[in-house]
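Quick notes on the structure that follows.
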Amino acid sequence: MASYIIEGGKVLKGSTLVSGSKNASLPIIAASILSGKTTKLYHVPDIYDIKFTLEILKVLGCKIKKTKDKIIIDSANIKTHEIPDKLMREMRSSIILAGAIIGRFKNATFSYPGGCDIGSRPIDLHLEGFRKLGINIEENAGFIKCSCDKIVPAEIHLAFPSVGATENLMLATVLAEGETTIINAAMEPEIQDLQNMLNKMGAKISGAGTNVIKINGVKELKDVSYNIMPDRIEAGTLLCAAAITGGEITLENVIPTHINPVLSKLSECGCQLDIGKNEIKMKAPKKLLATEIKTMPYPGFPTDMQSVFGAMLTTAKGTSVIIENIFENRYKYTDELKRMGAKVTIEGKMAVIKGIRKLSGAEVKATDLRGGAALVTAALSAHGKTKVNHIEHILRGYENLDEKLRSLGANIQKEEGE
Ligand code: UD1
């Protein structure tokens, strides 16, 4: 168990680069399975979730080479279509590999995925979509076996715009003969990044970024080199981390339109923003103002920013209200924030945060990826020392978070556990 030790009270200043997106990298790595050729990916973040995904690809039979600036995946010699249960449990997004394996080989076996404990995370929409494509699904002793002679294109109406189900259905149908339409598709920027990468490989997909995506199957895909888009959640996290300290920072390698709802809330909280094409300059006030947030599918306020924003609001002037509409168990971090003196009450989907003057350092534990980042955010402005335990959750999704925060002036050290 590793920990972060944070001495609060340093005002963050300076500039930092945003890393490549975790949530774009994961389906794009899955897409590399489809071609049976070579995929070169730039700006893939160096984080645990990527490590686990590449581990699964290796078990399937892919050859993987990492250089300083890229990852090269050769999927020519895949020998098994079964995702090992142990790795499947490590993270939820491993389900994305299923669509790619079925898309290429017409069969795949996997178990129920694991991941952050932020509420029940069913895969019914994924499986329902697969069935509509003529894929036969057998469930036995926790394992799901998918198979078909050929994938039958279909019009699939998602009951909810699930990010993962949208991506999985795109991956499953890229090589199917005919046109598949996904209606009520998720509109997240990561889905556009997946479409762009697949089209660069030779796929014929249109509509990503809107709620109707059309996939016209192609016979084969080719080698590709692709730059992963910047991580919008990391960008938002760094802005909140600076804002709670009353800091002034510049983010580089960011696509500001991807985080419009976050920027508009930061502005409501009193932050001054100067927005360029790929850069954001932010100056926070000495005391932030309270606000109200409702998480929604894109282009609404992202659920992945809810906890970090919630932590930031613990010392804002006034009472803030958050409504979490996407995941039902995403307030665990607030129990840890209470150890630092935060005044938070939870009722169902709603959190009410009464801003206090200052948090106090305490020993707390990361309960999930974004909840962990929320504790780091809180600790940066707290009085005294905070120890954040179980940071393996944070390392799943943030590349060099401690290093980046140190470069902005934070006093944060990583302590390796036993
Ligand atoms: C992705 C992101 C995650 C983000 C989430 C919502 C990745 C790797 N992860 O997760 O960071 O928090 O989008 O923006 O990209 N649902 C069902 N049945 C299903 C699938 C989903 O009921 O088959 C429900 C979920 O329980 C949840 C909601 O739909 O309540 C959203 O889930 P989904 O959009 O699928 O999120 P993920 O793809 O898991």
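A few remarks follow.
- Computed lengthening from S147 to H383, 0.36 nm per intervening residue step minus Cα-Cα distance: 79.2 nm
- From phi via Karplus (6.51, -1.76, 1.60), per-residue ³J(HN,Hα) for region 83-92 in Hz, x at Gly/Pro: 8, x, 4, 4, 6, 4, 6, 5, 7, 5
- With the simple spin-label model, which puts each label point 7 Å out from Cα in the Cβ direction, the N140 to E415 separation comes to 5.0 nm.
- Packing here is the average count of other Cβ atoms within 10 Å per residue, and on that basis the peptides 16-23, 152-159, 371-378, highest first, run 371-378, 16-23, 152-159.
- Contour excess over end-to-end distance, with Cα ends at I356 and K338 and 0.36 nm allotted per residue: 5.3 nm
- Placing a pseudo-label 7 Å from each Cα along the Cα-to-Cβ vector at K200 and I72 gives an inter-label distance of 1.6 nm.
- Per-atom-type breakdown for region 54-157 gives carbon and sulfur 48% of the accessible area (1.4 Å probe, protein chains only).
- Under 5 Å between amide hydrogens, built in the peptide plane, is the criterion, and for G209 it picks out Q192 among residues at least 5 positions away or on other chains.
- Structural descriptor for the chain: relative contact order 22 percent, calculated from alpha carbon pairs under 8 angstrom and at least 6 residues apart.
- Protein accessible area in region 185-258, 1.4 Å probe - carbon and sulfur %: 44
- In this rough spin-label picture, where each label sits 7 Å from Cα along the Cβ direction, the N325-N253 distance is 3.3 nm.
- FRET efficiency, 1/(1 + (r/R0)^6) with R0 45 Å, evaluated for K214 and E347 via beta carbons: 0.60
- FRET efficiency, K277 to K86 (Cβ-Cβ, R0 35 Å, nearest 0.05): 0.20
- Between the amide H of T319 and those of G355, distances stay under 5 Å, these residues lying 5 or more places away or on another chain, with hydrogens modeled in the peptide plane.
- For K387, a cut-off of 19 angstrom between C-alpha atoms picks up these aspartates and glutamates, skipping any fewer than 8 places away in its own chain: E7, D335, E336, E363, D368, D402, E403, E415, E416, E418.
- Measuring between alpha carbons in the structure, the pairs from K132/K222; K40/K65; K145/K219; K22/K294; K343/K385 lying more than 21 angstrom apart are K132/K222; K145/K219; K22/K294.
- Within the same chain, aspartates and glutamates fewer than 8 places from K349 are excluded, and of the rest, those with a Cα less than 12 Å from its Cα are E324, E328.
- Once the 1.4 Å probe is applied to the protein heavy atoms, region 22-227 comes out at 41 Å² accessible per residue.
- Within the straight-line cut-off of under 18 Å between alpha carbons, the aspartates and glutamates reachable from K200 are D74, E167, E190, E220, D223, sequence neighbours fewer than 8 places apart in one chain being disregarded.
- Residue among K13, K286, K214 with the largest mean-square fluctuation in a Gaussian network model of the chain, springs linking Cα atoms under 10 Å: K286
- The helix-based estimate of mean residue ellipticity at 222 nm for the chain, built from -39,500 (n - 2.57) per DSSP H run of four or more residues and divided by its residue count, is -9500 deg cm²/dmol to the nearest 500.
- Based on protein heavy atoms only, region 373-418 ends up with 39 Å² per residue of surface accessible to a 1.4 Å probe.
- Long-range HN-HN contacts of S225 with modeled amide H, under 5 Å: K40
- Residue of K106, K277, K68 that the Gaussian network model of the chain assigns the largest fluctuation, springs spanning Cα pairs under 10 Å: K68
- Cα gyration tensor shape of region 261-366, rounded if a/c is under 1.5, else prolate or oblate by comparing a/b with b/c: oblate
- For region 22-227, the square roots of the Cα gyration tensor eigenvalues, ordered a ≥ b ≥ c, give a/c below 1.5, which places it in the rounded category.
- Pairs spanning more than 18 Å between alpha-carbon atoms, out of K283/K358; K338/K358; K281/K414; K10/K283; K51/K86; K277/K404: K283/K358; K281/K414; K277/K404.
- Over region 22-227, Cα pairs under 8 Å with separation of 6+ residues give a relative contact order of 20 percent.
- Computed 3J(HN,Hα) for region 160-168, one whole-Hz value per residue from the Karplus formula 6.51 cos²θ - 1.76 cosθ + 1.60 where θ = phi - 60°, is 9, x, 6, 5, x, 5, 4, 5, 4, glycine and proline marked x.
- Each part reduced to its alpha carbon centroid, region 230-308 and region 1-67 end up 22 Å apart.
The values are calculated or read from the model by the stated rules, or taken from the named source; none is laboratory data. Since this is a predicted model, take the numbers as computed values, not measurements. Positions of Cβ are backbone-derived with ideal geometry, glycine not excepted, and every protein chain shown enters the neighbour counts. For accessibility, only protein heavy atoms count, side chains too; no ligands or nucleic acids. Shrake-Rupley method; radii C 1.70, N 1.55, O 1.52, S 1.80 Å.
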